[in-house]
Amino acid sequence: DLAASVALSLASPRMTEPGRRLFAVLGRLPHGLARADLAAVMPTEGLEAARALRRTGLVLRDAARLRMLAPIREHAAAEPLGDAERDALVAHLGALADALPALGEEPSDRAAARRAREELANIEAVLALAPPITDPAWLSHSGWRWVRVGDTRQVVGAVRPALEAYRAAHGQFERAVRADPGNAELQRDL
């Protein structure tokens with residue numbers, strides 16, 4: 001039984017608390033986590049956490065990314081995600097989303113835009129994790145991140161995911177307008 005096997009791995013003496021937290025993080029990332037991003041998500045304990053997951057066999061052997069098989073990732077997604085890890089994910093992958101160009105624009109940083117396209121599935125998953133914030137400026141910024149994701153999906157011909165991203169953007173802009181109904185810029189964004 002897979003659930004029992006995962007539970008045994010998590011309870012193993014080879015598992016650490018940072019490893020359990022990284023396990024929960026990886027459950028939110030459909031494309032896994034690039035090893036280069038490990039320090040951004042878990043600055044002080046990332047390497048230790050990754051070693052614990054490798055020792056217990058919960059991640060696949062991959063030189064570039066920490067990945068899980070889909071059934072294991074489903075178990076990891078059910079694990080509680082700490083606020084610190086959630087905030088680090090949202091900050092890091094949100095910053096990558098900021099590198100995506102709007103439709104018809106050239107990216108200001110081609111390398112960052114290429115990196116963001118590689119992480120698009122993770123960006124979408126993590127933007128949806130953002131805590132409920134009522135600050136209109138933050139909501140507007142979040143809406144524009146979703147627009148950039150939708151534009152990128154549209155460029156590659158992924159119409160349904162583009163539409164879902166645009167709907168998420170619209171929701172963020174609506175919340176921003178509700179929080180500050182007299183703001184003309186937010187009205188225009190909506």
Among residues belonging to the range 30-78 that are assigned to a loop (DSSP other than H, G, I, E, B) and among the acidic types (Asp, Glu), point out the one that is farthest from Ala112 (Cα to Cα).
Glu45
With respect to Pro161, determine if the residue is open to solvent by less than 70 Å² (accessible area, probe 1.4 Å), over 24 Å from Ala39 (Cβ atoms) and more than 13 Å from the chain's Cα centre (by Cα).
yes
Selected residue [closer than 18 Å to Ala7 by Cβ and either more than 15 Å from the chain's Cα centre (by Cα) or charged (D, E, K, R) (or both)] from Leu69, Leu26, Leu47
Leu69
Is it the case that some residue within the range 64-76 is free of Cβ contacts under 8 Å to residues at least 40 places away in the same chain, exposed (fewer than 14 other Cβ atoms within 10 Å of the Cβ) and in contact with a strand residue (DSSP E or B) (Cβ under 7 Å, 6 or more places away or on another chain)?
yes
Residue ID - surrounded by the fewest Cβ atoms within 10 Å (Cβ to Cβ), chosen from residues in the range 79-97 that are aliphatic (A, V, I, L, M) and within 14 Å of Arg21 (Cβ to Cβ):
Ala84
If we scan the range 122-135, do we find a residue that is in a helix (DSSP H, G or I), free of Cβ contacts under 8 Å to residues at least 40 places away in the same chain and open to solvent by 30 Å² or more (accessible area, probe 1.4 Å)?
no
Could you look through the range 136-158, keep only residues that are open to solvent by 30 Å² or more (accessible area, probe 1.4 Å) and not in a helix (DSSP H, G or I), and pick out the one that is farthest from Ala84 (Cα to Cα)?
Gly157
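The values are calculated or read from the model by the stated rules, or taken from the named source; none is laboratory data. What you see is a predicted model; the values in this text were computed from it and never measured. Every residue, glycine as well, gets a Cβ built from its backbone with ideal geometry; the counts of neighbours run over all protein chains shown. Keep in mind that these areas ignore ligands, DNA and RNA; they rest on the heavy atoms of the full protein, side chains included. Shrake-Rupley method; radii C 1.70, N 1.55, O 1.52, S 1.80 Å.
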